[in-house]
Each structure stands twice: as C-alpha cells, then as structure tokens.
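Chemist: Provided herewith is a single structure, encoded as structure tokens, for subsequent inquiry.
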Amino acid sequence: ELKVEQNPLFLSMQEGKNYTIYCNYSTTSDRLYWYRQDPGKSLESLFVLLSNGAVKQEGRLMASLDTKARLSTLHITAAVHDLSATYFCAVDWTGNQFYFGTGTSLTVIP
Amino acid sequence: KAGVTQTPRYLIKTRGQQVTLSCSPISGHRSVSWYQQTPGQGLQFLFEYFSETQRNKGNFPGRFSGRQFSNSRSEMNVSTLELGDSALYLCASSTTGLAPYEQYFGPGTRLTVT
C-alpha cells in the first residue's frame, strides 16, 4: 500500500522566517498535489506537480517534486500569519485515488 | 462557476441508523471521489465514480456504499452507523477522469454518531 509521510507534523514559526515541509511517498508516481486546509474548512488546491523537477511558486509558497527521491517539498518564505493552516500533500497512484499525507499544522506567530 | 456542493453540512445520527450524503460536482466534471477525514486516521479515500461507474474503492467495509447519477451528482450511504463513523466526509470532483486528476473539494458533511 502506498504510504505518504509528511514532516514535521506540527510547525510553529515566527513571522518573517523561512521553513520547509517535506513529503515522502513510498512508490513511483509523477503526480503530487499540495492542499491547504483552514480549521473547519475544506481543502484548497495549492499546487499540482506533474513531473520530475517540477517547481511551482505562488506568493510565499514554493513547491517542488523529485520523483527519483520520491520527495516533494513545500517551502515557505518570510512567513506571515495568514499562512497558518494545515498543509497536506497527496499522491495519486492508481488513478484518481489520492493518498494523503498526515498533514502539517503550521502556526505563524507574530 | 459554482463549486462543489455537499448536503447536508451537519448531521447527527444514532448508532445503528443509516445516513445518505449528497454531492453535486462542478458543472462539467464527471468524476466524483469521496474521502473520510478523522483526527486519528487522517484523510482516507472511500471511492470514486466516473460516468456512473465505480472505478476505485478504498479499504472500507461494505457498510459504505455510493452511487453516481447521470447528471454526475453522487450520493454515499453508510448503513448501521458506528461511533467510529463520526467524521468529516469530503467530496471532490475532477474533469474528465484522466490524469492529472486535480480535484476540487466541497465543504464537507460533518457526521456525528451518538
């Protein structure tokens, strides 16, 4: 069974600092998705990474994919309070069946 | 374009009862997937429907079932509810059912079983 692991599970960081969330998965896949979830809300799509070496950036967030290492990273630059949320990575392996990571709960402290 | 809608948003049921949840995908989307989210197990895939056919099924007991209608709307049913079925049930839709499967999630139905 495909396993998707994220670390850290909890992240508390000060505003203005940089940090990286890691997503490791256990089988070959070249499709990796990042989502954001605010408390009590649904999942919001952030990035879709479709090939080895893919890099996408939106505002203070940048995601990358290394399919050979089975690793994706979500880098946060100069964090602001509005980025506080839970971030999930997901891999689709057998076709439209997403396997989600455990989630990283991010709290940005002023 | 309207997003994915789910009804009802909140539901309280008693053990042993059954429940039906509904999902309307984004217009033009033919694939609908269902997920269960709990604090202990995280987000787990239940099943996926495309053009009224179940294409994928997760590792859940037969008490969990679903269907999709010709207008792509989907329902999931849980029979003989257990306390452990308390969860947020999320529905997601995607376009053609071909990769990449970018999924758009609905607001969820929060089910509480007492």
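The values are calculated or read from the model by the stated rules, or taken from the named source; none is laboratory data. Just so it is clear, the structure is predicted and the values come from calculations on it, not from any experiment. As a convention, Cβ positions derive from the backbone with ideal geometry for all residues, glycine included, and neighbour counts pool all protein chains shown. We work out accessible area using only protein heavy atoms, side chains counted, and drop any ligands, DNA or RNA first. Shrake-Rupley method; radii C 1.70, N 1.55, O 1.52, S 1.80 Å.
Chemist: Inside segment A:1-80, counting only strands (runs of 3 or more DSSP E) that do not spill past its ends, which hold 1 or more residues that are farther than 18 Å from A:Y99 by Cα, open to solvent by 50 Å² or more (accessible area, probe 1.4 Å) and within 14 Å of chain B (Cβ to nearest Cβ)?
Modeler: Ranges flagged: A:10-14, A:55-58.
Chemist: Tally up the residues in segment A:96-110 that are outside any strand (DSSP E or B) and in contact (Cβ under 8 Å) with a residue 40 or more places away in the chain, please.
Modeler: Matching residues across segment A:96-110 total 4.
Chemist: Within segment B:96-114, can one find any residue that is over 21 Å from A:D38 (Cα atoms), away from chain A (no Cβ under 14 Å) and of a type in the set (V, I, T)?
Modeler: For segment B:96-114, residues over 21 Å from A:D38 (Cα atoms), away from chain A (no Cβ under 14 Å) and of a type in the set (V, I, T): present.
Chemist: Among the residues of segment B:27-85, write down those that are at pLDDT below 95, closer than 21 Å to A:K41 by Cα and not in a strand (DSSP E or B).
Modeler: Selection gives B:P39, B:G40, B:Q41.
Table: residues versus (1) touching a residue at least 40 places away in the same chain (Cβ under 8 Å); (2) within 12 Å of chain A (Cβ to nearest Cβ).
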{"residue": "B:K13", "(1), (2)": "yes, no"}
{"residue": "B:V19", "(1), (2)": "yes, no"}
{"residue": "B:R30", "(1), (2)": "yes, yes"}
{"residue": "B:Q54", "(1), (2)": "no, yes"}
{"residue": "B:K57", "(1), (2)": "no, yes"}
{"residue": "B:P61", "(1), (2)": "no, no"}
{"residue": "B:S72", "(1), (2)": "yes, no"}
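Chemist: While we're here: Restricting attention to segment B:59-114, and to residues there that are open to solvent by 10 Å² or more (accessible area, probe 1.4 Å) and touching a His at 6+ places or on another chain (Cβ under 9 Å), which single residue is nearest to B:T38 (Cα to Cα)?
Modeler: For segment B:59-114, the residue satisfying everything is B:Y104.
Chemist: Name the residues in segment A:101-110 that are crowded, with 21+ Cβ neighbours inside 10 Å and within 11 Å of chain B (Cβ to nearest Cβ), would you?
Modeler: The answer is A:G101, and nothing else.
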